[in-house]
Amino acid sequence: MAKKEKINRVTMPEQDPDVRRRNFEEVPLGLTEEMAMTEAKRCLQCKIPSCVNGCPVSVPIPEFIKCISEGDFSGAINKLWERNALPAVCGRVCPQEEQCEGLCIVGKKDKPVAIGYLERFAADYERKNGVGDVPPVAEKTGKKVAVIGSGPSGLTVAGDLLLKGHDVTIFEAFHKTGGVLVYGIPEFRLPKEIVASEVATLEKMGAKIESNTVVGASVTIDELFEEGYDAAYIGVGAGLPRFMNLPGENLIGIYSANEYLTRTNLMKGYRFPEYDTPIAKGKNVVVLGAGNVAMDSARTAMRLGADSVKVVYRRSREEMPAREEELHHALDEKIEFVLLTNPTQFFGDENGRLTGMECLKMELGEPDASGRRRPVPIEGSEFRFDCDLVVVSVGSNANPLLTNATPDMALNRWGNIVADPVSGKTTKKGVWAGGDIVTGAATVILAMGAGRTAANSMHDYLTIGW
Amino acid sequence: MAKIVHREEMAQGTIIMNEIDAPRISRKAKPGQFVILQADETGERIPLTMADTNPDKGTITIIYMVVGKSTARFKELQVGEEYFALIGPLGAPTHIENFGKVVCVGGGTGIAVLHPITRALKQAGNEVTTILGARSYDLLIMEDKMRAVSDHFHICTDDGSHGHHGFVTDVLKDVLEKDNIDLAVAIGPIPMMKFCSLITKEKNVKTFVSLNPIMVDGTGMCGCCRVSVGGDTKFACVDGPEFDGHKVDFDELAKRLASYLDEERTSMEAFEKSNA
């Protein structure tokens, strides 16, 4: 083979930071056909591709990229669909740098192939130009499956089991499907139209949707079995926000990230009063925590018109758990990082509205159990500043609503469902679980990987036995 | 689904009753539990504690006061029309047992919430004293239904148009003086619940109140409805909506209920303008 001319990794066109920080439009604009085909040619088409090992759902990466390089975009989407029912979502929110792209051979000497951008391109191309093909569904098995929760893991299970010919009903507590993809991840990172389109594909494949149904309250899992379901998958997410238990935390203007994002995204508070659900528009906003959800909250606050948005985090820049790309996006949008700083209390006025907070300076000590250096308070370093909105984004615990209503299913000591990592089976016959309700808060793709694992095991159960 | 099968206006049209087709919820619901309703896709999620259920008919009943845009929009919905979303039953049911002598105090639309609880307490064998309050007699709701599940029955009106001229707390004090009450249930406006709880606390009578903070999801997912109870933060949607009235921080609750007063006004003005 002739020596290839070096092609530089494509740069994703983005909205200008000064413009985008005040609107809810998607930040990356997507690749053009030419850009995608050029980028696809950077792929070495490895015989034993390492990138696939980094993918929790084993997408056939070289194959779909080859299709793109040849301009066969519908071939590319069909390759993706073989392993991934939600490519438009994954192309946007997967941490590719830790997964496929992190293992890309090209990346050893150069920048890795932009696998995420290409996945997104193929999915977007299909949505805009496709003929509305859906993946082919196997002959009906006559088995009924209840998928509880319509987030990334539930949708994966639904997609996989539909492909295998089972009858799938998805139960969703909210009025809209998508779980965290709809209530949590903001419009500017994942347009809701894309999630709706992925769910519509599942419906075309035969999925039934029962929204406004809180399993555990509206109906129990045992009642679903009595109604004729043969198996159930629980993918309800973590869903119980942690607060910091600091004085003043119930002042008006202090939100959990879940509430702040749900009001803004699911209930469309950013379009108030066209939509009825209000969301406070802070001038001086503080976000506590430094994960992806914290970045989503900070960038949302900026778009809602804040003068200043500070991310307050008790460790240093190095330990911030958000994706590097999200941290960059936040900094580009003039969000300030206040590091090695921990809140101690909040102050309010006579109407119970937040006016300010007090923090303590920290320094890094010895590494703790997580391997990260433990932040230690510096005595006497308390300082105060004004703020009128605080978003607490320090993680979630397991929501007990469904598990309390299912007493014959084992939980760990934190209330997460115990599920076999190899099969996703819970201790209750006919019931599988995966995603954040099992692992605690993690990523979209890990939840999808758990869904894939469970779907395979459920298929065995439905066709062979427990 | 969620179709209105029966509708009544009460208290001079300020309070509306809807009986809604909801077979699944009506089968599961217990006294003290609530539902969340949304009139349209653009609407807000409004929690309302159920006033009644009819599992045979497959219906639930809600009773609400028209106070803002969302409830004004609800009021427009007529028999045969549907709510966009109806979710439930949510929250912990009331703990019902034979306590002995109980006093049930209700005010405003709190009477609607109190009704299934009072009926269940009566059916469990309690001797029930009911005290209902309203600003004036024409604003009082559910008098007959409440009388039917009570052994002793009192009405109070602020303007003296019927029954005792004054507040429910006057009669409550009286009842607690004259009788050994084992349990009190107080459901109504926050000041009413607060002062009833102060009175029962003096007599050391255990008291349940049912709280109505602002909610979003109603399943413990957002923490919007947090209330301070005995110094701990609780989520009313899953830990409640009923709590020990002696421990609730009513002042904090009242402030939090006023979180969005400006936005509520904006919403209501826009709604009235578009309807004009």
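Of the candidates B:252, B:263, B:242, the single residue that is of a type in the set (Asp, Glu), touching a Pro at 6+ places or on another chain (Cβ under 8 Å) and either open to solvent by 20 Å² or more (accessible area, probe 1.4 Å) or more than 10 Å from chain A (Cβ to nearest Cβ) (or both) is B:263.
Residue-by-condition table, conditions (1) under 18 Å from the mean Cα position of the chain (by Cα); (2) of a type in the set (A, V, I, L, M); (3) under 29 Å from residue B:208 (Cα atoms):
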| residue | (1), (2), (3) |
| --- | --- |
| B:2 | no, yes, no |
| B:10 | yes, yes, yes |
| B:32 | yes, no, yes |
| B:39 | no, yes, no |
| B:48 | yes, yes, yes |
| B:61 | yes, no, yes |
| B:67 | yes, yes, yes |
| B:73 | no, no, no |
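Scanning the stretch A:346-376 for residues being surrounded by 15 or more Cβ atoms within 10 Å (Cβ to Cβ) and modelled with pLDDT of 95 or more gives a total of 14. Scanning the stretch A:62-118 for residues that are crowded, with 22+ Cβ neighbours inside 10 Å and of a type in the set (Asp, Glu) returns a single hit, A:101.
Annotation: of all residues in the stretch B:102-129 being among the hydroxyl-bearing types (Ser, Thr, Tyr) and within 16 Å of the chain's Cα centre (by Cα), the one that is nearest to residue B:174 (Cα to Cα) is B:118.
For the stretch A:386-430, which positions are part of a strand (DSSP E or B), among the hydrophobic types (A, V, I, L, M, F, W, C) and within 14 Å of another protein chain (Cβ to nearest Cβ)? Answer for the stretch A:386-430, where residues must be part of a strand (DSSP E or B), among the hydrophobic types (A, V, I, L, M, F, W, C) and within 14 Å of another protein chain (Cβ to nearest Cβ): A:389, A:390, A:391, A:392, A:398. Just so you know, in the stretch A:167-181 the residues that are within 12 Å of another protein chain (Cβ to nearest Cβ) and of a type in the set (A, V, I, L, M) include one that is least open to solvent (accessible area, probe 1.4 Å), and it is A:173.
Note on the stretch B:96-116: among residues that are in a loop (DSSP other than H, G, I, E, B) and closer than 18 Å to residue B:211 by Cα, the one that is farthest from the other protein chains (Cβ to nearest Cβ) is B:108.
Of the residues making up the stretch A:280-331, those that are over 20 Å from residue A:357 (Cβ atoms) and more than 19 Å from the chain's Cα centre (by Cα) are A:303, A:305, A:316, A:317, A:318, A:319, A:331. For the stretch A:1-82, the helices (runs of 4 or more DSSP H) that sit wholly inside it and include 2 or more residues that are farther than 19 Å from residue A:127 by Cβ and within 23 Å of the chain's Cα centre (by Cα) are A:17-20, A:50-53.
Taking the stretch B:27-43 as the range and being buried (at least 23 other Cβ atoms within 10 Å of the Cβ) and either within 11 Å of chain A (Cβ to nearest Cβ) or part of a strand (DSSP E or B) (or both) as the test, the residues that pass are B:29, B:33, B:34, B:35, B:36, B:37, B:38, B:39. Checked against (1) closer than 17 Å to residue A:337 by Cα; (2) aliphatic (A, V, I, L, M); (3) within 13 Å of another protein chain (Cβ to nearest Cβ), residue A:301 meets all criteria but (3). Got a sec? Which of A:245, A:250 is open to solvent by 10 Å² or more (accessible area, probe 1.4 Å), on the phi > 0 side of the Ramachandran plot, within 11 Å of chain B (Cβ to nearest Cβ) and assigned to a loop (DSSP other than H, G, I, E, B)? Sole residue among the options that is open to solvent by 10 Å² or more (accessible area, probe 1.4 Å), on the phi > 0 side of the Ramachandran plot, within 11 Å of chain B (Cβ to nearest Cβ) and assigned to a loop (DSSP other than H, G, I, E, B): A:245. One residue stands out among those in the stretch A:1-42 that are under 22 Å from residue A:187 (Cα atoms) and of a type in the set (Lys, Arg): the one that is least open to solvent (accessible area, probe 1.4 Å), which is A:20.
Name the residues in the stretch B:44-54 that are in a loop (DSSP other than H, G, I, E, B), within 14 Å of another protein chain (Cβ to nearest Cβ) and of a type outside the set (Asp, Glu), would you?
Here is the first cut: in the stretch B:44-54, the residues in a loop (DSSP other than H, G, I, E, B) are B:44-45, B:50-51.
Filter once more, keeping what is within 14 Å of another protein chain (Cβ to nearest Cβ): B:44-45, B:50.
Selection gives B:45, B:50.
Criterion applied to B:123, B:78 was being modelled with pLDDT of 95 or more, more than 13 Å from every other protein chain (Cβ to nearest Cβ) and under 30 Å from residue B:276 (Cβ atoms), and the one residue passing it is B:78. When you check residue B:93 against the structure, is it within 14 Å of chain A (Cβ to nearest Cβ), within 23 Å of residue B:43 (Cα to Cα) and within 17 Å of the chain's Cα centre (by Cα), yes or no? In short, no.
Scanning the stretch A:431-441 for residues that are away from chain B (no Cβ under 14 Å) and either crowded, with 23+ Cβ neighbours inside 10 Å or among the charged types (D, E, K, R) (or both) returns A:431, A:432, A:433, A:434, A:435, A:438.
Of the listed requirements (1) within 30 Å of residue B:250 (Cα to Cα); (2) loosely packed, with under 14 Cβ neighbours inside 10 Å, residue A:318 misses just one: (1). Picking from residues in the stretch B:219-234 that are more than 8 Å from every other protein chain (Cβ to nearest Cβ) and either small (Gly, Ala, Ser) or open to solvent by 20 Å² or more (accessible area, probe 1.4 Å) (or both), the one that is nearest to residue A:402 (Cα to Cα) is B:234. For the residues A:210, A:227, A:198, the requirement of being at negative phi, acidic (Asp, Glu) and within 20 Å of the chain's Cα centre (by Cα) singles out A:198. For the stretch A:265-279, the set of residues classified as more than 9 Å from chain B (Cβ to nearest Cβ) and within 16 Å of the chain's Cα centre (by Cα) consists of A:265 only.
For (1) under 30 Å from residue A:296 (Cα atoms); (2) within 23 Å of the chain's Cα centre (by Cα), each residue gets a yes or a no:
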position	(1), (2)
A:400	yes, yes
A:416	yes, yes
A:423	no, yes
A:462	no, no
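Condition check: touching a residue at least 24 places away in the same chain (Cβ under 8 Å), of a type in the set (Asp, Glu), within 24 Å of residue B:222 (Cα to Cα) and open to solvent by 10 Å² or more (accessible area, probe 1.4 Å). Does residue A:193 satisfy that? For residue A:193, the condition - touching a residue at least 24 places away in the same chain (Cβ under 8 Å), of a type in the set (Asp, Glu), within 24 Å of residue B:222 (Cα to Cα) and open to solvent by 10 Å² or more (accessible area, probe 1.4 Å) - is not met. Being touching an Asp or Glu at 6+ places or on another chain (Cβ under 9 Å), on the phi < 0 side of the Ramachandran plot and open to solvent by less than 70 Å² (accessible area, probe 1.4 Å) is the requirement here; does residue A:416 meet it? For residue A:416, the condition - touching an Asp or Glu at 6+ places or on another chain (Cβ under 9 Å), on the phi < 0 side of the Ramachandran plot and open to solvent by less than 70 Å² (accessible area, probe 1.4 Å) - is met. Under the condition of being part of a helix (DSSP H, G or I) and closer than 21 Å to residue A:265 by Cα, the residues counted in the stretch A:134-180 number 5. Of the strands (runs of 3 or more DSSP E) lying entirely inside the stretch A:194-241, those containing at least 3 residues that are away from chain B (no Cβ under 14 Å) are A:231-234. Screening residue B:270 on (1) facing chain A (nearest Cβ under 8 Å); (2) surrounded by fewer than 18 Cβ atoms within 10 Å (Cβ to Cβ); (3) touching a Lys or Arg at 6+ places or on another chain (Cβ under 6 Å) shows it passes everything except condition (3).
The values are calculated or read from the model by the stated rules, or taken from the named source; none is laboratory data. Everything numeric in this text was worked out from a predicted model, so none of it was measured. In this analysis, Cβ positions are derived from the backbone assuming ideal geometry, glycine residues included, and neighbour counts consider all displayed protein chains. Surface accessibility is based on the protein's heavy atoms, side chains included, excluding ligands, DNA and RNA. Shrake-Rupley method; radii C 1.70, N 1.55, O 1.52, S 1.80 Å.
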